[in-house]
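The values are calculated or read from the model by the stated rules, or taken from the named source; none is laboratory data. What you see is a predicted model, and the numbers here were worked out from it, not measured in a lab. We place every Cβ from the backbone using ideal geometry, glycine too, and count neighbours over all the protein chains shown. All accessible areas refer to the heavy atoms of the entire protein, side chains included, with ligands and DNA or RNA removed. Shrake-Rupley method; radii C 1.70, N 1.55, O 1.52, S 1.80 Å.
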Amino acid sequence: MSSISSKEIQIERAKTTKIDQVDFNNIDFGRIFTDHMFVCDFKDGKWQTPKIMPYQPMTIDPSARVFHYGQAVFEGMKAYKDEAGKVWLFRPEENHARINKSAARLAIPEFPKDYFFNGLHTLLNLDKDWVKPGMGNSLYIRPFVIATEPAISASPASEYRFMIICSPAKAYYSGKVRVLFAEKFSRSADGGVGFAKAAGNYAAQFHPTNLAKEQGYQQVVWTDANTHEYLEEAGTMNVFFRVNDTLITAPTNDRILDGITRKSIIQLAKDNHIDVEVRRVSVKEIKDAARNGSLKEIFGAGTAAVISPISTFEHAEEVFELPNVEDSFASIFKEKLLNIQHNLSEDLHNWRQEVK
Ligand code: COI
C-alpha cells in the first residue's frame, strides 16, 4: 500500500478566516464548517497526492456513481481542546479501522492509515482555533468517501474521493429524547450493511423517523428485522438499558454499528464494577421491567449524541415514561467520558491521541 508524509500533502491556505462570523454559543449541529477541507482522489488504481484547500463547493459529474448507487461511507469523530490549549482526538484508530470495514462492504478501496492520520492532523493543526475549550464544546470531524467515477452502470466505481470536513459542535440532541420502538420498518437485516457507516443506512431511516416525529418522537429504536422482538440500535446512537443496577446492550453483529462510544461505555462500566450484560434485549423484557419499576434508564450513545438520556418510549400504542433517577448511569458515564476526552482525567486505556 502507498504511503505519504505530512510534508507531501499539498496545502492551499484560506486567504481569510470565517471564524469571526461564528457565534460559538449558538451552534446548530453540522451547519457551519471550518476554513479548510482535506481531499484525496483515487484513480488509476491508487490514492493520489492529498490536498488541503479552503472549504468550498466542488464540481462532480452528474453521472458520478455515488448519486445513482449510493456508494458512500463516512465516519464521525470529535476533537477536544484542553485547558492548556492542546487538541485531542478520542480513539481515532477505531474510526480509521471502521471506515475501511465500511468501505470494504461497499467495494470501496481502503484508505491508507498514514494518509488518514497525516491528513487529519495537518487539517486540525490548520483549523485548531475552531476547537473551542470547555466542557460541551468539540469539533465534529466527518471523514467520508464517495464514488466519483462518471458512469451509470451498476458496478463499483474505479474513481473515488476521500474527504474530511470539520464542524464546531455542541449537543446533538437537546434535552431528553423520546423514542418509538420499531414494529414495522427495519433499519438492517442479516447479511446486510447495518454494521457499516454507509450513507444509505441513514437515508433509509428518514421516512420511518419522520412518521415517528409526527407522533412526537425524535428517534426510532430499531428492532430485529425478522421478528421485531429484539431491540438493536437507534440509528444515530447505540442503546443501553439499565434494569435495576445492571447495564444491558445488544451485541454487535452485521446489523448493528460497532459504536466507539458504545464500546467505551462497556469498558468504563467494567472499570467501575458495574454489571454489564452484552446480550439480546427483548422488547417484552423492557416493557415488563418498565411495568414492575426495575427499568431505571434507557440512554443512547454515539459520537455526535455523546450520551443522550431517553425519557419516554412507545411500543404497540403503549407509552412508558422513564423515572428520574439520581446518579444516573447516563450522567456518570457522560462525565467520565467527557473528562477523558477533554484531558481532565487519567486515560487508563490510552484512548486519547494528541494532535501534533
Ligand atoms: C455520529 O455520531 O458521529 C454519527 O455518525 C451520527 C450522525 C448521524 C450524526
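The rows are residues; the columns are (1) more than 13 Å from the ligand (Cβ to nearest atom); (2) open to solvent by 10 Å² or more (accessible area, probe 1.4 Å); (3) at pLDDT 95 or above.
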{"position": "G191", "(1), (2), (3)": "yes, yes, yes"}
{"position": "Y202", "(1), (2), (3)": "no, yes, yes"}
{"position": "N226", "(1), (2), (3)": "yes, yes, yes"}
{"position": "E229", "(1), (2), (3)": "yes, yes, yes"}
{"position": "T236", "(1), (2), (3)": "no, yes, no"}
{"position": "N244", "(1), (2), (3)": "yes, yes, yes"}
{"position": "L247", "(1), (2), (3)": "yes, no, yes"}
{"position": "I265", "(1), (2), (3)": "yes, no, yes"}
{"position": "N272", "(1), (2), (3)": "yes, yes, yes"}
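Would you check which residues across the range 338-356 are among the hydrophobic types (A, V, I, L, M, F, W, C) and under 17 Å from T303 (Cβ atoms) and list them?
L338, I340, W351, V355
Need pairs with beta-carbon distance below 8 Å; first residue within 20 Å of T312 (Cα to Cα) and within the range 323-343, second of a type in the set (D, E) and surrounded by 14 or more Cβ atoms within 10 Å (Cβ to Cβ); sequence gap 6+ or separate chains.
Qualifying pairs under 8 Å: V325/E297; S328/E297; F329/E297; A330/E297.
Give the residues of the range 249-263 that are of a type in the set (A, V, I, L, M, F, W, C) and within 15 Å of the ligand (Cβ to nearest atom), sorted by residue number. Give the derivation first.
If we filter the range 249-263 for residues that are of a type in the set (A, V, I, L, M, F, W, C), which is where we start, we get 250, 256-257, 260.
The answer is I256, L257, I260.
Take I99 and tell me if it is assigned to a strand (DSSP E or B), open to solvent by less than 20 Å² (accessible area, probe 1.4 Å) and within 16 Å of C40 (Cβ to Cβ).
No, not satisfied.
Are any residues in the range 212-231 part of a helix (DSSP H, G or I) and closer than 10 Å to L180 by Cα, and if so, which ones? First the steps, then the outcome.
Taking the range 212-231 first, the residues part of a helix (DSSP H, G or I) are 212-214.
Hits for the range 212-231 are A212, K213.
Kindly list the number of the only condition in (1) touching a strand residue (DSSP E or B) at 6+ places or on another chain (Cβ under 8 Å); (2) within 18 Å of I108 (Cα to Cα); (3) within 13 Å of the ligand (Cβ to nearest atom) that fails for R161.
The one condition R161 does not meet is (3).
Which pairs turn up if I take residues in the range 140-162 that are over 23 Å from I52 (Cβ atoms) and open to solvent by 60 Å² or more (accessible area, probe 1.4 Å) and look for partners that are assigned to a loop (DSSP other than H, G, I, E, B) and among the hydroxyl-bearing types (S, T, Y) with beta carbon separation below 7 Å, at least 6 apart in sequence or on another chain?
Cβ pairs passing all conditions: P150/S63; I152/S63.
What residue, among those in the range 64-75 that are open to solvent by less than 30 Å² (accessible area, probe 1.4 Å) and away from the ligand (no atom under 16 Å from the Cβ), is farthest from E110 (Cα to Cα)?
Residue satisfying both the conditions and the ranking: A64.
I want to confirm something. Restricting to the range 11-46 and keeping residues that are open to solvent by 90 Å² or more (accessible area, probe 1.4 Å) and assigned to a helix (DSSP H, G or I), which single residue is farthest from the ligand (Cβ to nearest atom)?
D20
Open to solvent by less than 30 Å² (accessible area, probe 1.4 Å), touching a helix residue (DSSP H, G or I) at 6+ places or on another chain (Cβ under 7 Å) and at pLDDT below 95: does that describe I4?
yes
Tell me which of these Y217 doesn't satisfy, since it passes every other one: (1) aromatic (F, W, Y); (2) away from the ligand (no atom under 15 Å from the Cβ); (3) open to solvent by 30 Å² or more (accessible area, probe 1.4 Å).
(3)
Name the pairs: first residue in the range 296-316 and free of Cβ contacts under 8 Å to residues at least 60 places away in the same chain and within 16 Å of the ligand (Cβ to nearest atom), second residue open to solvent by less than 10 Å² (accessible area, probe 1.4 Å) and part of a strand (DSSP E or B), Cβ to Cβ under 8 Å, at least 6 apart or on different chains?
Within 8 Å, the pairs are I307/F299; I307/G300; I307/A301.
Go through the residues of the range 176-183 one by one and say whether even a single one is under 28 Å from I307 (Cβ atoms), touching a Pro at 6+ places or on another chain (Cβ under 9 Å), outside any loop (DSSP other than H, G, I, E, B) and open to solvent by less than 20 Å² (accessible area, probe 1.4 Å).
Within the range 176-183, one or more residues are under 28 Å from I307 (Cβ atoms), touching a Pro at 6+ places or on another chain (Cβ under 9 Å), outside any loop (DSSP other than H, G, I, E, B) and open to solvent by less than 20 Å² (accessible area, probe 1.4 Å).
Only residues that are assigned to a helix (DSSP H, G or I) and farther than 10 Å from F74 by Cβ: list them for the range 189-200, please.
Residue satisfying the conditions is G200 alone.
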